[in-house]
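The structure under discussion appears below in the form of structure tokens.
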Amino acid sequence: MGLYLINPILRLKKRLQKELLALQNDPPPGMTLNEKSVQNTITQWIVDMEGASGTLYEGEKFQLLFKFSSRYPFDSPQVMFTGENIPVHPHIYSNGHICLSILTEDWSPALSVQSVCLSIISMLSSCKEKRRPPDNSFYVRTCNKNPKKTKWWYHDDTC
């Protein structure tokens, strides 16, 4: 018991291994763990995603990058779209940063990779029009590479 409480790295690895298994065994619809992404490190994952049928993103393929700090799950993971195809969405910047409150101020250690994935699926599925956030150009030019270091200004209450 003492070693587990003293060593946060053991706590982190145990939590990530549990979430990794959950994502492999029961992934959210349209999501699969990119197995190559976890071969060398457990603190950075790529999740492949396909747009849900009946939505504006039906059949489109995307990749989500998850980075976990040593403070996970007390701090949220860094999550962003990566790769060639970034969804055009009012809450997703062209550099892949996602404006979603559970990734920042509404994060709770009770949340998981699966719950983040489900929130992103829901966000994409409820989209009525493909467009970028109104401040996309300015944000992309001036933002930090790490979206967790952004002080988000939510354009509406649907983030």
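What follows is calculated from the coordinates using simple rules that are stated; it is not laboratory data. What you see is a predicted model; the values in this text were computed from it and never measured. Using ideal geometry, Cβ is built from the backbone for each residue, glycine included, and neighbour counts are taken over all protein chains shown.
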In degrees rounded to 10, the 0-90 angle between helix 8-25 Cα long axis and the longest Cα principal axis of the chain is 60
Ordered by fewest other Cβ atoms within 10 Å, a rough proxy for footprinting exposure, Leu103, Leu10 read Leu10, Leu103
So, for the Cα atoms of the chain, Rg and Dmax in Å stand at 15.9, 53
Under the helix-only model (-39500 (n - 2.57) for each DSSP H run of 4 or more, divided by the residues of the chain), the mean residue ellipticity at 222 nm, to 500 deg cm²/dmol, is -8000 deg cm²/dmol
Tilt, helix 113-125 to longest principal axis of the chain (alpha-carbon atoms), in degrees rounded to tens, equals 10
